[in-house]
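To keep things clear, I will list the structure first and then write my remarks on it.
Quick note: the coordinates plus some simple rules give every number you see, no bench work behind them. Owing to the predicted nature of the structure, the values given are computational and were not obtained by experimental measurement. Neighbour counts run over all protein chains shown; Cβ positions are idealised from the backbone, glycine included.
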Amino acid sequence: MEYATAERKIKKALLARPKSTALEKVVDILYEGFEKYSWVGIYLLKKENLILGPWRGKQATEHTTIPLGMGVCGAAAKTGKTELVNDVSQDMRYLSCFLSTRSEIVVPIKKKEVVVGEIDIDSDTPAAFDANDATFLEKVADMLGQHI
Ligand code: SME
């Protein structure tokens, strides 16, 4: 799917109510729209922990609660900056969820500059994510930030 098409679909999906349904739809669009997105999840920050919300993928992750600062997810939430990992086996912070994962991108979701959650995407393809994915997912995160 084109990034612009996905953006339009996501904008529309965010109008769905209840709000929790809207987040599920966004995860669906990302998972179904991009083959290289092997696992897609949204974590929400509650106090000092990231709590897994809606997700799509072949397998469930055991990391449903991640303390702030732990793993690639915790790093992105702590700094508020997108983390793009081309080779998860070379990143000491990486918390393994699936044996098949080769690369990962984590994009913080902010509300008024404050991190409230993040989009986490794993890929079974090495170096699957580039600056276009980061730009696109940062736009999605902006939309989510206004919604949450
Ligand atoms: N790999 C992440 C943990 C979440 S799973 O990918 C779903 C990390 O290093 O924080």
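Quick notes on this structure:
- More than 27 Å apart - percent of Cα-Cα pairs taken over the chain: 11
- Spatially proximal lysines relative to LYS78 (Cα-Cα < 21 Å; intrachain offsets below 8 disregarded): LYS46, LYS47, LYS110, LYS111, LYS112, LYS139
- Using equal-weight Cα scatterers in the Debye expression, the normalised intensity of segment 54-109 in log10 at q = 0.13, 0.16, 0.22, 0.31 Å⁻¹ is -0.30, -0.47, -0.91, -1.44.
- Dividing the mean sequence gap of close Cα pairs (under 8 Å, 6+ apart) by how many residues the chain holds gives a relative contact order of 22 percent.
- In a simple Cβ point-charge model (Lys, Arg +1; Asp, Glu -1; nothing else charged), the chain has a dipole of about 740 debye relative to its Cα centre.
- Farthest towards the positive end of the charge dipole of the chain, among the residues ALA141, VAL72, THR82, is the Cα of ALA141, using unit charges on the Cβ of Lys, Arg, Asp and Glu.
- With Cα atoms defining each centre, segment 110-148 and segment 1-74 are spaced 9 Å apart in the structure.
- Extending 7 Å from Cα along the Cβ direction at LYS111 and again at ASN49 yields two label points whose distance is 1.9 nm.
- Cβ-based net charge around PRO54, under 10 Å, with every Lys or Arg adding one and every Asp or Glu removing one: 0
- Scattering curve values for segment 1-54, log₁₀ I(q)/I(0), Debye with Cα scatterers, q = 0.25, 0.28 Å⁻¹: -0.99, -1.09
- Placing dummy labels 7 Å off each Cα toward the beta-carbon, the span from LEU68 to ASN132 is 3.6 nm.
- Computed over neighbours whose Cβ is under 12 Å from that of ARG102, the net charge equals -4, Lys and Arg +1, Asp and Glu -1.
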